[in-house]
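Colleague: Structure provided below as structure tokens; questions to follow.
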Amino acid sequence: MPGIKLGTKVLNINWTGNQWAVKSQKVNTGAVTTEYFDKVCVATGNFFAPKWPKLEGLDNFAGRVIHSIDYHKPEEFKDQRVLLVGMHATAQDVTNSLSEAAKHVYLAHRSGLILLPRYDDNGATSDQAATLRFSLFMAFMYRHLPILWNWLFNKLLNTISAKAFPNLPKEWGIRPAPHLAVSTPLFADTLWPHLQSNFAEPIPAIQRITGPRSVELTNGRILQDIDSIIYCTGYDTNIPDGLIPHTTGTESLHPYPNNTVGSPPNLYRNIFPLHSDPSIRKSLAFLGHGNILLPGFIQFELNAMAISQVWLGRTLLPPHSDMLAWHEANLAERKHNFAYYNALPNSTYYPTFMNMGDHFKWVDDAAGTGLYRNLGMGMEWLNWRAWRFWWRDRELYGVVMGGVFTPFVWRLFEGGKRRAMAWGECREAILRENELAREGRGRVLEGKKRV
């Protein structure tokens, strides 16, 4: 496509007063070009700056020390005993890869962790449980009864975890886990076989490095046989320097101006800049910095739809003072949650998460998908449009509300802003997605029978 340029690095983005000057360089030739645009969306997400927690005595260690961002080949760790700092999704992936070559893996972690199965008893993937009906109800509860819902949801996930992964050794330190309001569960099916085989061993956090191959843990245990250390500690939220837009004024457009660990971005709805110039607020956006409890690709597309409607002028951003007030409220809510649910210092809980009850409705309205208008706010039985939908097409209604939450749902209704798909075409796509999911569940169950 002519609008896509591969092998091109953006060097800087500057506001000229009425347009954005984007300076870029071709990687293979070094040729530099400056182009001008009315709108700019920085869509890199926020996983950019590797997090390196300080380990006392690290200079004493004689082996290799890397961050997971630089891990590529398991054979580089053949027959080694490898210490992973951290125990979450990245550690799971690295452990699974190391199983091809390493002798043993230690997983050092500070706190417990909710382990969840990737598939339920019916063979469905875990995200299929997050139906549209459940998501709307969850948003309603977060909006009106957040403490009650956090308690119920946390209890539900811990019950699922206990059933899927029973009798965890106490010395692993996996239970109890921090509250899900300030920590993220792990879908642990890939890690679990390595824990069962003792190839991977959960251990307490590191107290200090005591020698060329020795490490002291917080419980006093000394590991004497460590060959390499891999940080699986995630990332500090940030973006590349060249993608930080600049103006001639003193106001920063850096989404993380203070680079404070655990701080949400300095953005309205974690998308739009809080700059005093309305021209900048309406022409610049950051994608991948705002999250709620929806499957990733579903919400990223919804955020992109909202940006497009703002840029088309069909959705108006609130006054600057209201944007600032929202940001302050977002900061206050996170501060409250961290204190109320006893989050660990320097917690790695994603600083881009927002209140689902507040944001889901806003982004639905901004994107013009019409979900809330047509299906209610977690109580569709009180919405006459939902009853009309049910009466018109009960099969489609059933899979939209209780089936796979597919992005095609965003295209079903006319919301007065964006154009919906033809009803028949969208209906066919939604039913097809659900049929594919049913086939997938069947394959999973068949695989379980063979095992």
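Colleague: What is the extension gain from Thr16 to Ser111, computed as 0.36 nm multiplied by their sequence separation minus the C-alpha to C-alpha distance, in nm to one decimal?
Modeller: The span from Thr16 to Ser111 would gain 29.4 nm if fully extended.
Colleague: How many nm is it between the label spots at Met421 and Lys23, if each spot is 7 Å from the Cα in line with the beta carbon?
Modeller: About 4.4 nm, to one decimal.
Colleague: Still on this structure: Among Lys282/Lys417; Lys103/Lys170; Lys282/Lys361; Lys51/Lys361, which pairs are too far apart, with a Cα-Cα distance over 27 Å?
Modeller: The pairs that break the limit, which is 27 Å between Cα atoms, are Lys51/Lys361.
Colleague: Could you give the length gained by full extension between Trp52 and Ile222, i.e. 0.36 nm per residue of separation minus their alpha carbon distance, to one decimal place?
Modeller: Contour length minus the Cα-Cα distance gives 59.0 nm.
Colleague: If you place +1 on the Cβ of every Lys and Arg and -1 on the Cβ of every Asp and Glu, how big does the dipole about the Cα centre of region 272-347 come out, in debye to the nearest 20?
Modeller: 40
Colleague: Can you give me the distance in nm between label points at Val65 and Thr8, each placed 7 Å from the Cα along the Cα-to-Cβ direction?
Modeller: Label at Val65, label at Thr8, 4.1 nm between them.
Colleague: With each pseudo-label sitting 7 Å past Cα toward Cβ, what's the Glu100-Asn167 distance in nm, one decimal?
Modeller: Label-label distance for Glu100 and Asn167, simple model: 3.3 nm.
Colleague: For the chain, with the dipole built from +1 on Lys and Arg beta-carbon atoms and -1 on Asp and Glu ones, taken about the Cα centre, which of Cys232, Pro255, Gly242 lies farthest toward the positive end?
Modeller: Farthest towards the positive pole: Pro255.
Colleague: Taking a cut-off of 20 Å between Cα atoms, list the aspartates and glutamates near Lys78, but don't count ones fewer than 8 places away on the same chain.
Modeller: Leaving aside aspartates and glutamates fewer than 8 places away in the same chain, those within reach of Lys78 are Asp70, Asp93, Glu100, Glu201, Asp225, Asp227.
Colleague: Any lysines with Cα under 17 Å of the Lys449 Cα? List them, leaving off those in the same chain fewer than 8 positions away.
Modeller: none
Colleague: Shape of the chain from its Cα gyration tensor (a ≥ b ≥ c, root eigenvalues): rounded if a/c is under 1.5, otherwise prolate when a/b > b/c, or oblate?
Modeller: Here the chain falls in the oblate category.
Colleague: Taking R0 as 30 Å, what's the FRET efficiency between Tyr36 and His320 from their Cβ-Cβ distance, rounded to 0.05?
Modeller: 0.75
Colleague: Net charge within 14 Å of Glu216 by Cβ-Cβ distance, Lys/Arg positive one each and Asp/Glu negative one each, not counting Glu216 itself?
Modeller: Charge balance in the 14 Å sphere: +1.
Colleague: Something else about it: Treating only the Cβ atoms of Lys and Arg (+1) and Asp and Glu (-1) as charged, compute the dipole magnitude of region 325-448 about its Cα centre; round to the nearest 20 debye.
Modeller: That gives region 325-448 a dipole magnitude of about 140 debye.
Colleague: Then there is this: Given H placed on each backbone N at 1.01 Å, which residues far from Thr237 in sequence or on other chains put an amide H within less than 5 Å of it?
Modeller: Gly262
Colleague: Of all DSSP beta bridges located in the chain, what percent are antiparallel, nearest 5?
Modeller: Just about 50 percent of them are antiparallel.
Colleague: Which net charge results for the neighbourhood of Thr233, defined as the other residues with beta-carbon distances under 15 angstrom from its beta-carbon, given Lys and Arg at +1 and Asp and Glu at -1?
Modeller: So the surrounding residues net to 0.
Colleague: Once you list every other residue whose beta carbon is under 13 Å from the beta carbon of Thr125, what net charge do they have if Lys and Arg are +1 and Asp and Glu are -1?
Modeller: Within the 13 Å Cβ shell, the charges total -2.
Colleague: Next up: Among Ile160, Thr125, Asn150, which residue has its Cα positioned farthest towards the positive end of the charge dipole of region 91-198, with +1 placed on the Cβ of Lys and Arg, -1 on the Cβ of Asp and Glu, and the dipole taken about the Cα centre?
Modeller: Asn150
Colleague: Here is a follow-up. Evaluate the relative contact order of the chain (contact order divided by residue number), counting alpha-carbon pairs under 8 angstrom at least 6 apart; express in whole percent.
Modeller: It comes to 20 percent, rounded to a whole number.
Colleague: Give the residue from Asn374, Gly173, Gly313 lying farthest towards the positive end of the charge dipole for the chain; charges sit on Cβ (+1 for Lys and Arg, -1 for Asp and Glu) and the dipole is referred to the Cα centre.
Modeller: Checking the options against the dipole of the chain, the answer is Asn374.
Colleague: Name all residues of region 101-121 having a backbone nitrogen under 15 Å from the label point set 7 Å from the Cα of Ser197 along its Cα→Cβ direction, giving them as ranges.
Modeller: 101-106
Colleague: Suppose every K and R has +1 on its Cβ and every D and E has -1 on its Cβ; what is the size of the dipole of the chain about the Cα centre, in Debye to the nearest 20?
Modeller: Dipole of the chain, to the nearest 20 debye: 700 debye.
Coordinate-derived values only; no laboratory data. The structure presented is a predicted model; accordingly, all values stated were derived computationally and were not measured. Positions of Cβ are backbone-derived with ideal geometry, glycine not excepted, and every protein chain shown enters the neighbour counts.
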